[in-house]
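First the structure, in the form of structure tokens, and then the observations on it.
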Amino acid sequence: MAIGLQEGEIRQELQSGGHLRNVLIITKAIGGTAEHLAFVRPSWRRAFLPLRTWGDKEDRTYKDLDRLLVLLRDDFGYRGFIGLYTDGDPDLARYRALSETEEAGGQT
């Protein structure tokens with residue numbers, strides 16, 4: 001089972017009537033540069049899942065935040081709030097709790 005979502009899967013599900021419920025971006029400093037990883041919570045899955053590269057080999061990070069936002073807004077049609085956090089931000093715990101609540105039978 002995949003541990004994230006690939007662009008192709010998202011596009012296919014969006015064409016079938018799915019939508020993205022929530023999006024957040026986590027920024028990490030890797031080798032002295034900022035890299036951005038999007039986590040999406042789609043209508044066809046319960047948890048926040050990272051964007052992954054083709055073949056689900058690794059997380060798909062972006063050095064250019066604008067390029068990632070174009071993907072989310074223009075290509076995926078997401079118009080909601082996008083939270084932007086740095087890696088290790090304590091506020092990220094609320095997203096983990098939201099996913100766990102829904103997996104336990106909470107509201108979607």
Quiz prompt | Positive-end extreme of charge dipole, the chain - chosen from 19, 68, 55 (charges on Cβ) | solution = 19
Self-check item: In nm, spacing of pseudo-spin labels at residue 89 and residue 66 (7 Å Cα→C-beta vector)
Solution: 2.1
Exercise. Give the accessible surface of the chain per residue, rounded to a whole number of Å², with probe radius 1.4 Å and ligands, DNA and RNA excluded.
Key: 60
Quiz item: residue 75 versus residue 28, label points 7 Å from Cα toward the beta carbon: distance in nm?
Solution: 2.0
Practice problem: Let me know the charge dipole size of the chain about its Cα centre in debye, to the nearest 20, where only the beta-carbon of Lys, Arg (+1) and Asp, Glu (-1) is charged. | Solution: 160
Quiz item: Using a basic spin-label model with each label point 7 Å from the Cα along Cα→Cβ, how many nm lie between residue 3 and residue 44?
Solution: 2.2
Quiz item: Dipole magnitude of segment 6-67 about its Cα centre, charges +1 at Lys/Arg Cβ and -1 at Asp/Glu Cβ only, in debye to the nearest 20?
Solution: 200
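Rounded to a whole number, what % of the accessible area of the chain do carbon and sulfur atoms account for, probe 1.4 Å? Don't skip to the answer; put the middle values down first.
Working: 3200 of 6510 Å².
On the chain, the fraction of accessible area on carbon and sulfur atoms equals 49 percent.
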Self-check item: Reciprocal of mean inverse Cα separation for segment 1-73 (Kirkwood radius, Å)
Solution: 12.6
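The values are calculated or read from the model by the stated rules, or taken from the named source; none is laboratory data. All values derive from a computational prediction rather than experimental measurement. Positions of Cβ are generated from backbone atoms using ideal geometry, with glycine treated the same way; all protein chains shown enter the neighbour counts. In case anyone asks, the SASA skips ligands and DNA or RNA and just uses the protein heavy atoms, side chains included. Shrake-Rupley method; radii C 1.70, N 1.55, O 1.52, S 1.80 Å.
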